[in-house]
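Down below is the structure, laid out as structure tokens.
The values are calculated or read from the model by the stated rules, or taken from the named source; none is laboratory data. All of these numbers come straight from a predicted model, not from anything done at the bench. All Cβ positions, even for glycine, are placed from backbone atoms using ideal geometry, and neighbour counts span all protein chains on display.
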Amino acid sequence: MWVRSAMTYRASFLLTAFGNLLVTGLDFVALVLMFSQVDSLAGWTLPEVAFLYGLSATAFGIADLTFGSMDVLGARMRDGSFDTLLVRPAPVLAQVAADRFALRRLGRITQAVLVLAYGLLRVDVDWTAAKVLLMPVVLVSGALIFCALFTAGAAFQFVAQDAAEVQNAFTYGGTTLLQYPPGVFGKDVVRGVTFVLPLAFVNWVPGAYVLGRPYPLGLPGWAAFAPPVVAAGCCALAGLAWRAGLRMYRSTGS
């Protein structure tokens, strides 16, 4: 329904999608301007940072397209309209994810893919079969990790009922953090996004392996192939949190 609604006015859709591409592209423009004054950032060149940026932004763009509407859950609970989703013969999580589905977010994905392509073409990498096969696995795993974050953030709204910005701090804030090399941040931050909230497996850990760079925490080489396991664990925990939150819901009482 939302896709058909968006395509009713195709010129408007194309303009908003293109505007979405330009606005999200400003993040990378900021990086390019930064590199106009320095040759490297924590030892990483512009193509290498573009590679990290592209991995993170593409994975996040896919998650944002499919689960980015989860932040409307708090508003639905406050006005009582969430109850209508509970009586429909469809999974509640799927309904919330599809609520106000915004096809214009394809602009974000397009911009991210373009930056990733630039990074892949410019980085100096000794490509092996393992590294080539790792790329699509990393993108899918990264998207699942962000989807798990969106779901966990929505589950937290059953408790807080107005926590959309808290959720955004970990989703939108997380992808912004990952657009910079890990050496920019202190060891405590790197440990936090590696072992506590494992966003590092979206791009930092596999990216370091592909580019032949040592990871700041000295992880073993096999850790680069752990994103699918990390994504599965994140999705399982997010699913449990969602079910617990759903059981906690008691309606508005009106």
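Please go through the stretch 185-239 and give me each residue that is farther than 22 Å from A50 by Cβ, over 18 Å from the mean Cα position of the chain (by Cα) and not small (G, A, S), ordered by number.
K187, D188, R191, L217, L219, P220, W222, F225
Got a sec? Which helices (runs of 4 or more DSSP H) wholly within the stretch 139-254 have at least 3 residues that are of a type in the set (A, V, I, L, M, F, W, C) and out of contact with any Pro (no Cβ under 6 Å at 6 or more places or on another chain)?
In the stretch 139-254, the matching helices (runs of 4 or more DSSP H) lie at 164-178, 204-211, 227-248.
Just need a number here: residues in the stretch 91-120 that are over 15 Å from A57 (Cβ atoms), in contact with a helix residue (DSSP H, G or I) (Cβ under 8 Å, 6 or more places away or on another chain) and of a type in the set (A, V, I, L, M, F, W, C).
8
Based on what the data block shows, is A129 closer than 23 Å to G245 by Cα and of a type outside the set (S, T, Y)?
The answer is no for A129.
Scanning the stretch 147-189 for residues that are among the β-branched types (V, I, T) and within 20 Å of A63 (Cβ to Cβ), which turns out modelled with the lowest pLDDT?
Of everything passing the filter in the stretch 147-189, V166 is modelled with the lowest pLDDT.
Give me the residue from the stretch 140-195 that is aromatic (F, W, Y) and closer than 17 Å to R76 by Cβ and, out of that set, surrounded by the most Cβ atoms within 10 Å (Cβ to Cβ).
Restricting to residues being aromatic (F, W, Y) and closer than 17 Å to R76 by Cβ, the top hit is F150.
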